[in-house]
1. For the chain, find the longest principal axis of its Cα atoms and tell me its angle to the long axis of helix 225-235, 0 to 90°, nearest 10.
2. Taking R0 as 41 Å, what's the FRET efficiency between THR51 and MET329 from their Cβ-Cβ distance, rounded to 0.05?
3. At a 1.4 Å probe radius, carbon and sulfur cover how many percent of the accessible area of the chain?
4. At what distance in angstrom do the alpha carbon centres of the stretch 20-35 and the stretch 155-190 lie from each other?
5. Say a paramagnetic label sat at a point 7 Å from the Cα of TRP104, along Cα to Cβ; which residues of the stretch 27-55 have their backbone N under 13 Å from it?
6. If you line up the long axis of helix 15-27 against the longest principal axis of the chain, both from Cα atoms, how many degrees apart are they, to the nearest 10?
7. Of the lysine pairs in the chain, how many meet both conditions: Cα atoms under 22 Å apart, and a spacing of 8 or more in sequence or different chains?
8. Once label points are set 7 Å from the Cα along Cα→Cβ at both ARG237 and ASP396, what is their separation, rounded to one decimal in nm?
Amino acid sequence: MTLVERVLASVDAATDELVDFTCDLIRVPTVNPPGDGYVDCAELIGRRLATCGFEVQYLAADGRPEHTTRHPRVNVIGRRRGRAERPLVHLNGHFDVVPAGAGWTVDPFRPTVRDGRIYGRGSCDMKAGLAAAVYAAEAIRRAGVDLNGSVEISGSVDEESGGFAGVAWLAEKGHLNAKTTDFVIIPEPLYVDRICIGHRGVYWFEVTTHGRIAHGSMPFHGVNAIEHMGVLLDRIRRELMPKIAGRTTAMPVVPDGARHATLNINGIEGGQKVGGIQTPCVADVCRAVFDRRFLIEEGFEATRREIVELLERAAAEMPALRYELRDLMVVHPVRTPDDSPLIGVLDRALQRVLGKTGGLVASPGTYDHKHVTRIGGITNCVAYGPGILDLAHQPDEWCGVDDVVNATKVIALALLDLTGTA
Ligand SMILES: [Zn+2]
């Protein structure tokens, strides 16, 4: 048997353990918000990494306001040095999951394996991916192969809420940095045969309209802030929506509908609380929150300017309109460079394991890639892992056992190739 064949056979031999470990991870309800069970899950990963020959470090996100005694934010990193220090390949997975929600036919935190599928909250997003990372490295060790470089595996917190105490914090503290780390693979569920090269940008903003309160029987004495918001929403619908829907990115964002720029109205509130006791008053304030997904080709500055100009045009036509624009969050788009060795390496591994490759994709949302590149300065970063993206966050979430095994093989071959071992 060749070295590669030995490693692939060693993944097959570990299938039961791989599935069991995925189930063990699902059993810890690391629900975010609020961030439950993080210490237990970090320790579960840390203990497994230690038995697989990793040096393990627990890293609490000191200094972050969400890192509290009640809900500590603890990340874990394991490091295994091979025959050489570099290249260093880092595999990162978040272990937080979104709340189970309604509509489950199985217990979300008591994983079931049925018909070749692992069911449970976080099976797909992304505890199977974490297990695949651990067993990719372990299969190499069990095959008696010493890497020509090092491998690191991290389990991190809070990806679902922005990753600020997780990957962003790790990158800020130098644990994920271009000076020490050569390649990063994030085994997020973006289809087992595809390589994800980044994501669009996010601009969350809040618009407040201010009116003047008056008696509701004489509304002409006041200025209604909700009516003004209505005018703004109408302009957004008529002027902005068609314009941005017509813009298409060259990035291979999936699904097709997300190849364009989009805008969603997250929420709106104004005037008196609906359902509460009513008094006759003209609404003096109205607020709405927007989620604008922008393309790498648009850029943040132009995206924001377009909103500012729309508001200014509306104000010029409606002298009574008083408004404020507040930026809530900006995530810049990221894209793996076309010539990154990661793409070719994963492509070859996919051909070897699956006999085909589904090509490149980009995520409709965002994931921790942004922090790896923007804060850590590591451009050689992709997402590749088991699971079907569409099942993430859904009731009866599942991940195929075949997917986990195949992704583990692909990641193992990528580790061999990236370190020049085979
Ligand atoms: Zn995820």
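1. Once rounded, the angle reads 60 degrees.
2. FRET efficiency, THR51 to MET329: 0.55.
3. Exposed carbon and sulfur together represent 52 percent of the surface.
4. 19 Å
5. So the set is 27-32.
6. The angle comes out near 30 degrees.
7. 5
8. Output for this residue pair reads 3.5 nm.
The values are calculated or read from the model by the stated rules, or taken from the named source; none is laboratory data. Quick caveat, the model's predicted, so the values are computed rather than measured. Glycine gets a Cβ as well: all are built from the backbone with ideal geometry, and neighbour counts include every protein chain shown. For the accessible areas, the whole protein counts, side chains as well, though only heavy atoms, and no ligand, DNA or RNA atoms are used. Shrake-Rupley method; radii C 1.70, N 1.55, O 1.52, S 1.80 Å.
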